[in-house]
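Have a look at the structure below, then the notes.
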Amino acid sequence: MNKYLAKLNYLHTKINTEVLEKYAQKNHVPIIEYDSLTVLLTIIKICKIHKILEIGTAIGYSAIHMASCKTVSKIDTIERNKSMYEEAVKNIELYKMQDKVKPHFADALDIELENLDHDYDLLFIDAAKVQSEKFFKRFLPLLKEESIIITDNILFHGCVENRENLSKNVSKMVEKIDQYNDFLANLENFETIFINIGDGLAITIRNK
Ligand code: SAH
Ligand code: MG
């Protein structure tokens, strides 16, 4: 993180999440990288996003930041790991975001869709990387026509591009991410912009 820029950005966001960043680092929680976060928040602000569906809450870091955007009225965020979910609930209360952020303890592939809304402006996919395509297809019907889909970690520490010396497990995961990126790049009626920022961000919009 560029501390100089973080300080300037803090002047208008007024949200200091240093404790969460430290916790994440100490406990190896893969929260969104700062540069990707700034792009995510910029899109939310420029597009005046109201409702967000997030797949992968972890400790609530990205959700708390997204909720700090004035136009955002509601975020549903799904987490399957009990201790992460509990940490998120605690943090959402700590940052007084409980009116805007609703955490769901569930596997995103099993959650009852009746528990979610059907008019999200933004889908943020940031959970198990091998499942991104399934998340995309499952939650697309819950989005508004003019919505945006953002996927994090599409470069996976450069491993998607450079696959030498990877363990069998990482190799499999990276293969899946590559397939997902290909799926996005070739998806009819959609356009995806792939950005080399943080751990790689894919921004998908519907063609008109
Ligand atoms: N969005 C967070 C980071 C999420 S890390 C942030 O930037 O602050 C990814 C999280 O997704 C992990 O906590 C993991 O437990 C969760 N996850 C993975 N697969 C999932 C699934 N199928 N359903 C719900 N949560 C899932
Ligand atoms: Mg991520």
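Tell me, in nm to one decimal, what length is gained between residue 164 and residue 22 on full extension, where the rule is 0.36 nm per residue of separation less the Cα-Cα distance?
Value of the extension gain: 48.0 nm.
May I ask you to compute the full-extension gain from residue 182 to residue 74, defined as 0.36 nm times their residue separation minus their alpha-carbon distance, rounded to one decimal in nm?
Net length gain for the segment: 35.8 nm.
With θ taken as phi - 60° and the coefficients 6.51, -1.76 and 1.60, list the Karplus ³J(HN,Hα) couplings across region 94-107 in order, rounded to whole Hz; mark glycine and proline as x.
4, 8, 6, 10, 5, 6, 9, 9, 10, x, 10, 8, 6, 7
Given charges of +1 on the Cβ of Lys and Arg and -1 on the Cβ of Asp and Glu, with all other atoms neutral, how large is the dipole of the chain about its Cα centre, in debye to the nearest 20?
Computed about the Cα centre, the dipole is about 560 debye.
Which value does Rg/Rh take for region 1-72 over its C-alpha atoms, Rh per Kirkwood?
0.94
Taking 8 Å as the Cα distance limit and 6 or more residues as the minimum spacing, I'd like the relative contact order of region 3-206 as a percentage.
So the answer I get is 18 percent.
Under a Cβ-Cβ cut-off of 12 Å, what is the net charge of the residues other than residue 120 that fall near it, where Lys and Arg count +1 and Asp and Glu count -1?
-4
Work from the charge dipole of the chain (Cβ charges, +1 for Lys and Arg, -1 for Asp and Glu, about the Cα centre) and give the residue of 193, 15, 60 farthest towards its positive end.
Sorting the options by dipole projection puts first 15.
What are the extents of the Cα atoms of region 3-206 along their three principal axes, in Å, largest first?
Result for region 3-206: principal-axis Cα extents of 42, 37, 33 Å.
Rounding to the nearest 20 debye, state how big the charge dipole of region 1-120 is about its Cα centre with +1 on each Lys and Arg Cβ and -1 on each Asp and Glu Cβ.
Taking the Cα centre of region 1-120 as origin, the dipole is about 720 debye.
Measure up 51/134; 74/134; 22/129; 14/100; 70/129 against 27 Å on the Cα-Cα distance and list the ones that go over.
Beyond 27 Å between Cα atoms: 70/129.
Work from the charge dipole of the chain (Cβ charges, +1 for Lys and Arg, -1 for Asp and Glu, about the Cα centre) and give the residue of 180, 141, 75 farthest towards its positive end.
75
Just so you know, all these numbers are worked out from the coordinates, no wet-lab data involved. From a predicted model like this one, the values you see are computed outputs, not experimental measurements. Every residue, glycine as well, gets a Cβ built from its backbone with ideal geometry; the counts of neighbours run over all protein chains shown.
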